[in-house]
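Notes follow once the structure below has been shown.
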Amino acid sequence: MTSTSQLTQSLKVAARRLGFELVGTCPAVTPTGFHHFSQWLEAGYAGEMHYLEDRKQAYQSPQSVHPETMSLLMLGMNYQSTVPAQTPIGFGRIARYAWGNVDYHDLIHERLRLLKTEALNLFSEAGLKHATARGVVDTAPLLEREFAQLAGLGWAAKNTMLINRDQGSWFFIAALLVNIELEYDEPFTANHCGTCTACLDACPTNAFPAAGVLDATKCFSYLTIEHRGAIPVELRDLMGEWILGCDICQEVCPWNRKAPISVEAQFNPIEGQNPIELRPLFSLTDEQFRQRFRHTPLWRPKRRGILRNAAMVLGNQPSDENLPALNLGLDDVEPLVRGASAWALGKHRSQSAKDFLMQRLMLEQDAEVRAEIQMALALS
């Protein structure tokens, strides 16, 4: 009869064969950090991510994700591919995880599907006929980093990322939940950040009110993806070149200096993603945008969100070459895009930009967009 230890090791071997460099196991207990999660929500740091509050109670128990769960196989998949290229005027930066030709959710879910099949076969061969499993990656109500630490994969850093001594922090976290008792790894109890505060010091918006606490409402990753409205005025200048996500706090982390390169070819940057040219985006219709970005992370903010972000970046790169694209944005069907383009034109402080704004003001009916135009004219 297969022992628990043998079963666990076979499962780990299967996970590594499917591309998960980090593999660990832990029991399906209430995560010790749930009270911190509750305090974080109460502080308003989740911003518009209301789904977190709506599912708050589910985060207390892995059984909310998969009934009768006894064990979690915690997994990490490295996505680091290369270094960021230079970002000339008219281009914007995308976080490294979104450089490839695939949405990581789709890739990892497919690997988890294969792992689930292998796991159920292993359980069946061991005589565990009633075994069940479910694979998840950052969309289920599961505090993945808590369980990854419990499974020995690393420690929670001051920027809230999970850091592994060998892999750094450039990896996705996933989990396979099973109703079988496995042999558990030792929790990672040490913290190797020491007195280093590089990640906290480098954040342009001071999005960390304390070490280990992220105010998402000030984080570019939240602002460029999850936030659906206008970018707060006081944060626009600070966005710099970021059109989707942000890697600053990871790029300065000493533990990422020797982090390995991913063996997964689909995470390599495709042409036009590192960096991305912004001006042509303003000419894309909804259907053209869908065709180009439907199966990539850039689809999540949709066309209106990406063009809002693109306008912010072009506003931070004053150049006559940007004016035609921003003028297109000023006439866009989406008020969000028109407002962002107005702000960006105001940053150019040229007569041409002022003329575009005056012309649009005579036509604009949306009160918020009119206010953006008037603010931009006051700057120009």
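Laboratory data are not the source of any read-out in this text; all were calculated from the coordinates shown. Here the structure is a predicted model, which means the values were calculated and not measured. Positions of Cβ are generated from backbone atoms using ideal geometry, with glycine treated the same way; all protein chains shown enter the neighbour counts.
Tabulated data for the structure shown
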quantity	calculated
Arg300-Glu277 pseudo-label distance in nm [points 7 Å out on the Cα-to-Cβ vector]	2.7 nm
Normalised contact order of segment 329-372, rounded percent, pairs of Cα under 8 Å and 6 or more residues apart	43 percent
Out-of-range pairs (alpha-carbon distance over 22 Å; input Lys56/Lys129; Lys56/Lys302; Lys158/Lys258)	Lys56/Lys129; Lys56/Lys302
Residue-averaged 222 nm ellipticity for the chain, from DSSP H runs of 4+ at -39500 (n - 2.57), nearest 500	-11000 deg cm²/dmol
Rel. contact order, % - alpha carbon contacts under 8 angstrom, at least six apart, segment 1-102	34 percent
Among 256-263, 118-125, the order from most to least packed when residues are scored by Cβ within 10 Å on average	118-125, 256-263
Separation in nanometres of the label points that stand 7 Å from Cα toward Cβ, at Asp201 and Thr189	3.1 nm
Neighbourhood charge, 10 Å Cβ-Cβ cut-off, centred on Phe91 and excluding it, Lys, Arg +1 and Asp, Glu -1	0
Calculated percent of Cα pairs over 29 Å apart (choose from (i) 48; (ii) 34; (iii) 44), label	(i)
The chain, relative contact order [Cα under 8 Å, separation at least 6], %	20 percent
9 Å beta-carbon shell around Gly168, net charge (K/R +1, D/E -1)	+2
Cysteines not pairable in the chain (beta carbon separation under 4.7 Å absent)	Cys26, Cys193, Cys196, Cys203, Cys219, Cys246, Cys253
